[in-house]
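Single-structure report; data block below.
Every number in this text was worked out from the coordinates using simple rules, so none of it is lab data. All of these numbers come straight from a predicted model, not from anything done at the bench. Positions of Cβ are backbone-derived with ideal geometry, glycine not excepted, and every protein chain shown enters the neighbour counts.
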Amino acid sequence: MNGKVLVSAVSIILVVGVAIGAVVVVRNKSNESGISAHQNTVMTMCQNTQDQKLCHETLSSVKVNDTSDPKAFLAAVVEDTTKSVIKALNMSDRLLVEHGSSNNEGLKMSLNDCKQLLESAMDSLELSTHLLGNGSIEDVNERTPDFRNWLAAVISYQQACMEGFDENNEGEKQVRTQLQQEGVNEMVKFTGVALDIMSDLAQILESFGLKLDVKPASRRLMEVDSEGYPTWFSASDRKLLGKLKKKIKKAKSQPTVVVAKDGSGQFRTITDAINAYPKNGLAPGARYVILVKAGVYAEYVTVPKTAVNVLMYGEGAGRTIITGRKNFAEGVKTMNTATFANLGTGFIAKGITFENTAGAAGHQAVAFRNQGDMSAFFDCAFVGYQDTLYVQTNRQFYRNCDISGTIDFIFGVSTTLIQNSRIILRRPMDNQFNTVTADGTAEDRMPTGIVIQNCDILPEPALFPARFQLKSYLGRPWKQFSKTVVMESRIGDVIHPDGWFPWQGNMYLDTLFYAEHNNVGPGANVDRRVRWRGYRGLLNKQQAAAFTAAEFLKGGVGSRAEDWLRATQIPFDLGFTKP
């Protein structure tokens, strides 16, 4: 096993070297002519990074033919980030071998999780490397939202790896420290430098005299109206395309496979349908469509990262139910408690309930874990108690969904927008309280956070009589730069007037970003909200615009959120939903 990973790591290094080779000529620490221009470039690239020492050390070792080429220096940071992830990945594999015979099942589970997560981090970095090796600086600039998302995902995977170890178990604690000190810490530092540079890329390019049009003429030709047609199309064009769209939509609605418990489909289980995903992948633009007929499916499902563009639809959230009950209280790590886990890009779910029935006593018990980029959910229900919906990483969109739970029941380190949905607080145990969100943004420049827009935040009937005794809050800060915005929503009196709850003492209260905008209802009054430095209070419309779908979910070629959202065929609002 160890040898296999080492070979894989060497292969990855070779791939990275080839891709970046077109940009970076040689890494050399010696002084040569042109050092003044070189150092000037380094200073420009590093001026707003938090770890300027590491940034200068990394970029100063790069020698390029053209010191005015910022892409070469960015490639150097990504290369070092990649090497640090490979180092951490090999360390996790070595530790797995060392502790393979251990009786500590929790430790082995955590190390296996780390391996999978670090491999996912490598996938995100390979996307960055490919863009740098094959795209122009204009392409890189245009796809800054994608680049920042991939880098944030690397940090998210690292966090999930570290969070999997039990601090109260001495064996797990020691291994966690070893993995952290001999691999993961370096990985986080390099990723942070790359993220800082990408966040300032437009300003850096201006310093290089490159004033790139943020909306080039070629992109203007692609502007579309509310019906999805280019604005310059004639009436006859629209009519013809309208007919064609109906035919295509009808064809796309036909399932690739059908799952039915009674045997009336090709498969009786969802897992079998997932396993039948084409080994050679899909044709460009195609989807693997799974119809899951009404029934209760008691199975644990994982959509692997190789299964991209899966569309799974049921016969209604109350009729098609996927259920499980794995939980932390019975010794399962949080990440592995998920009834359903999606790792694939472009995943869409419609009309399905995902539930974890472990109850409040089960503590962490995930119904759905999602790390698929540009994934979307419509008319779905996510039912559980603590940690119901694990929005683990990447860009995610939820519309017309019911999400219910108790403690931190929407949590993760992703860019998640929940729109036109019901957020339902359940009755916790008598010694517990409720928190809707727990965002884990750990770096200031990460584009991650949780946005709740035009939703109803209300108690379930079982909580209603005790809603003032068993307190409920909009969220608490899981990490240093936790970010959550609630806007244009109807907040019931189930939410405590404080609005937000601390994680532990004064931890993160100065650095978090919590805010509200244009909410209504008895729980929306901000007069008695917390007085933390990080609580921004009421955002004005201009400030809140940054958290609408058009801005918050940017991505893909052209970096237009509407392009990938429209491709999901799920309703969405790009901007505000209220005047």
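Which value in deg cm²/dmol, rounded to the nearest 500, describes the helix-derived mean residue ellipticity at 222 nm for the chain, given -39,500 (n - 2.57) per DSSP H run of n ≥ 4 and division by the residue count? Intermediate results must be reported in sequence, preceding the final value.
Working: 16 runs with 201 residues, N = 579.
Only helices count here, giving -11000 deg cm²/dmol.
May I ask you to give the average projected area over all directions of the convex hull of the Cα atoms of segment 406-579, in nm² rounded to one decimal?
Details: hull surface 41.4 nm².
Mean shadow area of the hull around the Cα atoms is 10.4 nm².
Output the antiparallel fraction of DSSP beta bridges having both residues in segment 406-579, as a percent to the nearest 5.
Working: 0 of 32 bridges.
Percentage antiparallel, nearest 5: 0.
Multiplying the residue separation of residue 208 and residue 105 by 0.36 nm and removing their Cα-Cα distance gives an extension gain of 31.7 nm.
Using just the Cα positions, wrap the chain in a convex hull and report its mean projected area in square nanometres, one decimal place. Before the final figure, lay out each step's value.
Details: hull surface 112.8 nm².
With the hull built on Cα positions only, its mean projection is 28.2 nm².
The Kirkwood radius of segment 328-485, taken over pairs of alpha-carbon atoms, gives through the Stokes-Einstein law at 37 °C and 0.692 mPa s a diffusion coefficient of 215 µm² s⁻¹.
Of the listed pairs 261/305; 326/350; 173/350; 63/479; 87/479, which have alpha-carbon separations greater than 32 Å here? In this structure, 173/350; 63/479 lie more than 32 Å apart at Cα.
How would you rank 343, 389, 127, going from fewest to most other Cβ atoms within 10 Å of each one's own Cβ?
On the way: 343 22, 389 30, 127 17.
Fewest to most other Cβ atoms nearby, the residues stand as 127, 343, 389.
Working note: Cα gyration tensor of segment 482-556, eigenvalues times five, square-rooted, sorted largest first, giving semi-axes of 21, 17, 10 Å.
Listing 69, 80 from the residue with the fewest other Cβ atoms within 10 Å to the one with the most, what is the order?
On the way: 69 16, 80 24.
Going from least to most buried by this count: 69, 80.
Counting other Cβ atoms within 10 Å as a rough exposure proxy, the listed residues 130, 517 run 130, 517 from fewest neighbours to most. Remark on segment 47-170: ratio of C-alpha radius of gyration to 2.2 N^0.38 Å is 1.27. Apply 1/(1 + (r/R0)^6) to the Cβ-Cβ distance of residue 526 and residue 294, taking R0 = 30 Å, and write down the FRET efficiency to the nearest 0.05. After rounding to 0.05, the efficiency reads 0.10. Per-residue extension of 0.36 nm, minus the Cα-Cα distance of residue 98 and residue 254, leaves a gain of 51.2 nm for this segment.
What is the calculated FRET efficiency for residue 123 to residue 36, with r their C-beta to C-beta distance and R₀ = 45 Å, to the nearest 0.05? It would help to have the intermediate numbers written out before the result.
Working: r = 39 Å, r/R0 = 0.87.
The formula returns an efficiency of 0.70 here.
Taking every DSSP beta bridge that has both residues in the chain, what percent is antiparallel when rounded to the nearest 5?
Numbers: 3 of 88 bridges.
Of those bridges, close to 5 percent are antiparallel.
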